[in-house]
Amino acid sequence: MEVINEMAGTVTEVRVSPEADVQEGDVLFVLESMKMQIEVQTPAKGIVRKIHVEEGDFIDEGSVLAEIEEV
Amino acid sequence: MEREEKVLKELERIKKGGPQRGHEKQKAEGKLFVRDRLKLFLDDGEPYTEFGRFARSGDPEFAADGIVTGTGKIDGRLVFFAANDYTVKAGSIGRYHGQKFILSQIAAIRARKPMVYLVDSSGARIDETGGYHCERSIGLFYYHSIMSGFVPQIGVLYGTCFAGTAYTPVFCDVLIMMKDAAMAIASPRMVKMVIGEDVTPQALGGAQMHASVSGSCDFIADTEEQAAEIVKKLVGFLPDNSDCLPPEAEAKEPKTDPAKIDDIIPPDANRPYNVRKLIEAFVDADSFLELKAKYAQELVVGFARLGGKVIGIVANQPSVKGGAIFPESSDKGAGFIWLCDAYNIPLVYLCDTPGFMAGSAVERGGILRRGRNFIFATSCATVPRVCVVVRKAYGAGIYAMSGPAYDPDITLALPSAELAVMGPEAAINAVFFNKLQAIEDKEERAKVEKNLRDAYREGYNIFKLAGEMIVDDLIPPRDLRKECIRYFEAYKDKHVDRPKRRHATIVGG
């Protein structure tokens, strides 16, 4: 499953590393957008297989932030 | 008498609906027979009046021509209804069926009463209606349009509904879809034929899709009982027509003590919180009914009661996308404000937004044009309006949220309020960019930047703004409920005259 970015902004925190176990609702990334902190949560429980962004990246709406294998 | 017996016997047959195979099909799809369905809605378990019962009575397969139409009482309130009978030719719209539908709409207009549509129809009965879709007698969407904003129209969609008939659900002021229902302008089979796309009914137009992506559905119901409960609640919030006030109920204290409001709003202006918690600490307990809860979630809209009286709430949601206003949330806000204004429902705006979203994605999505509709709807709404500046009120966001310049009856600020063209980070960057870049020493630059931000922030200190009467009043958060109740009471007979015109040129407000 892909974690899709819903709000264009800049990545300020990557809180997860590859192969980590995540629960639904865990915060994976924090973006800054419109001077607000926007938390990106995992839509499902699983294992993080790939992270596509790093701190400082500008990420548009609709881009894939990470890939999660559902468990 | 034999004559009376004959009528009674025939009525008994008609009430049984379609043939056995029709009933089996309906049951197999987990749906109720229309007359059992109506029992969930109506006070006496059956229509109060019903007409056209004998439509097509000569044909045993076409009981009432597949639609039950008339009036019924919902918690004592009389409403008109039209409910398709799927056991008769899959609820398809034949000549008399269509006529009954339209006659009930015309009747609701004359009687000035709300109309409930229980939609369970496969569409037009093509085999019997040659020129069907152009006949004058089938202008149901014409009547939907004429009724819009005059009498409330509430719809429930039970099954799949493709092509023309899918307009009835979307013409309703509020639409409930059963979880397995679907609607689309063209069926998957037609889609495959005309554009070559392979798609399932659910992916094409399922309840989830319409509730979260298209924004065409307000509620998803898991059971028919649940759908009926939602309709009953909605009827309780809406007046009979646009000349009436919504019904009152007994006042209840809020679920959360209003004294907690100050703790609900975080001290750091960039930190998210769930605005529903603020709503709970302010309206009558368990009265909040959120519409389109899964769509454009950065804006929360819904009906509630305040001291027993109906209000509409428009609230930015800081826990979703920072509470920024997007094209979709602009539509959602504009539509809800228009609905409340049509039916004399006063509005409370809870403003906490960093403004309209910026960037190329939202520009392509028409943020200016659709944001305009939000500002337009607010500006034109003549129901009593209270603007509460909860926290951020940046940029044009506060215009849409009925800010001081947009003619609210009162603007109340909480102590956390920040009214500014933009936040301090963006403002200092915009105004002093060159000056800051010219400072070579990084630490020095950061220091100067911080001082500039602090000075900027002090410029919109809420005590200062209240002192300059930019807001009408600064209130202790615990008084929010009390103040709103009193202002709405003060403005209950509000009347606003606007310049005479045929109508605005902006559609979709």
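The values are calculated or read from the model by the stated rules, or taken from the named source; none is laboratory data. Every value quoted in this text rests on a predicted model; they were computed, and no experiment measured them. Heads up, the Cβs are rebuilt from the backbone with ideal geometry, glycines too, and the neighbour counts pull from every protein chain shown.
When the range B:291-315 is filtered for residues that are over 20 Å from residue B:383 (Cα atoms) and either in contact with a Ser or Thr (Cβ under 9 Å, 6 or more places away or on another chain) or not hydrophobic (A, V, I, L, M, F, W, C) (or both), the ones remaining, listed by number, are B:292, B:294, B:295, B:296, B:297, B:298, B:299. Kindly establish whether residue B:83 is on the phi > 0 side of the Ramachandran plot and buried (at least 18 other Cβ atoms within 10 Å of the Cβ). No; evaluated as a whole, the condition is false for this residue.
This table checks each residue for (1) in contact with a Phe, Trp or Tyr (Cβ under 6 Å, 6 or more places away or on another chain); (2) part of a loop (DSSP other than H, G, I, E, B); (3) under 23 Å from residue B:426 (Cβ atoms).
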| residue | (1), (2), (3) |
| --- | --- |
| B:444 | no, no, yes |
| B:451 | no, no, yes |
| B:455 | no, no, yes |
| B:458 | no, no, yes |
| B:470 | no, yes, yes |
| B:481 | yes, no, no |
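Looking only at the range B:368-379, decide whether some residue is part of a strand (DSSP E or B), aromatic (Phe, Trp, Tyr), more than 14 Å from every other protein chain (Cβ to nearest Cβ) and under 26 Å from the mean Cα position of the chain (by Cα). No, there is no match, as no residue in the range B:368-379 is part of a strand (DSSP E or B), aromatic (Phe, Trp, Tyr), more than 14 Å from every other protein chain (Cβ to nearest Cβ) and under 26 Å from the mean Cα position of the chain (by Cα).
In summary, strands (runs of 3 or more DSSP E) completely within the range A:1-70 and bearing 2 or more residues that are within 11 Å of chain B (Cβ to nearest Cβ) and under 23 Å from residue B:365 (Cβ atoms) occur at A:27-33, A:36-41. Taking the criterion of being of a type in the set (Phe, Trp, Tyr), over 12 Å from the mean Cα position of the chain (by Cα) and in a helix (DSSP H, G or I), no residue of the range B:321-341 qualifies.
Only residues that are touching a Ser or Thr at 6+ places or on another chain (Cβ under 9 Å) and closer than 28 Å to residue B:284 by Cα: list them for the range B:459-502, please. Across the range B:459-502, the qualifying residues are B:471, B:472, B:473, B:477, B:494, B:495. Within the option set B:447, B:482, B:442, B:492, being loosely packed, with under 12 Cβ neighbours inside 10 Å, more than 14 Å from every other protein chain (Cβ to nearest Cβ) and basic (Lys, Arg) holds for one residue only, B:442. Which members of the range B:399-425 meet the condition of being more than 14 Å from chain A (Cβ to nearest Cβ), more than 16 Å from residue B:469 (Cα to Cα) and of a type in the set (A, V, I, L, M)? Those that are more than 14 Å from chain A (Cβ to nearest Cβ), more than 16 Å from residue B:469 (Cα to Cα) and of a type in the set (A, V, I, L, M): B:400, B:401.
Given the condition over 16 Å from the mean Cα position of the chain (by Cα) and under 17 Å from residue B:313 (Cβ atoms), answer yes or no: does some residue in the range B:286-295 qualify? Yes - at least one qualifying residue is present in the range B:286-295.
Residues are listed down the side, and each one gets a yes or a no for (1) in contact with a Gly (Cβ under 9 Å, 6 or more places away or on another chain); (2) within 14 Å of another protein chain (Cβ to nearest Cβ); (3) farther than 17 Å from residue B:157 by Cα; (4) not in a loop (DSSP other than H, G, I, E, B):
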| position | (1), (2), (3), (4) |
| --- | --- |
| B:240 | no, no, yes, no |
| B:255 | no, no, yes, no |
| B:272 | yes, yes, yes, no |
| B:276 | no, no, yes, yes |
| B:313 | yes, no, yes, yes |
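Looking at B:221, B:184, B:228, just one residue is buried (at least 20 other Cβ atoms within 10 Å of the Cβ) and under 20 Å from residue B:328 (Cα atoms), and that residue is B:184. Scanning the range B:342-358 turns up one or more residues that are in contact (Cβ under 8 Å) with a residue 40 or more places away in the chain, more than 9 Å from every other protein chain (Cβ to nearest Cβ) and part of a helix (DSSP H, G or I). So is residue B:169 outside the structural domain of residue B:83 (by TED's automatic domain parsing), touching a residue at least 24 places away in the same chain (Cβ under 8 Å) and surrounded by 14 or more Cβ atoms within 10 Å (Cβ to Cβ) or not? Considered against the rule, which asks whether it is outside the structural domain of residue B:83 (by TED's automatic domain parsing), touching a residue at least 24 places away in the same chain (Cβ under 8 Å) and surrounded by 14 or more Cβ atoms within 10 Å (Cβ to Cβ), residue B:169 comes out as no. Scanning the range A:24-39 turns up at least one residue that is touching a helix residue (DSSP H, G or I) at 6+ places or on another chain (Cβ under 8 Å) and either in contact (Cβ under 8 Å) with a residue 60 or more places away in the chain or of a type in the set (Ser, Thr, Tyr) (or both).
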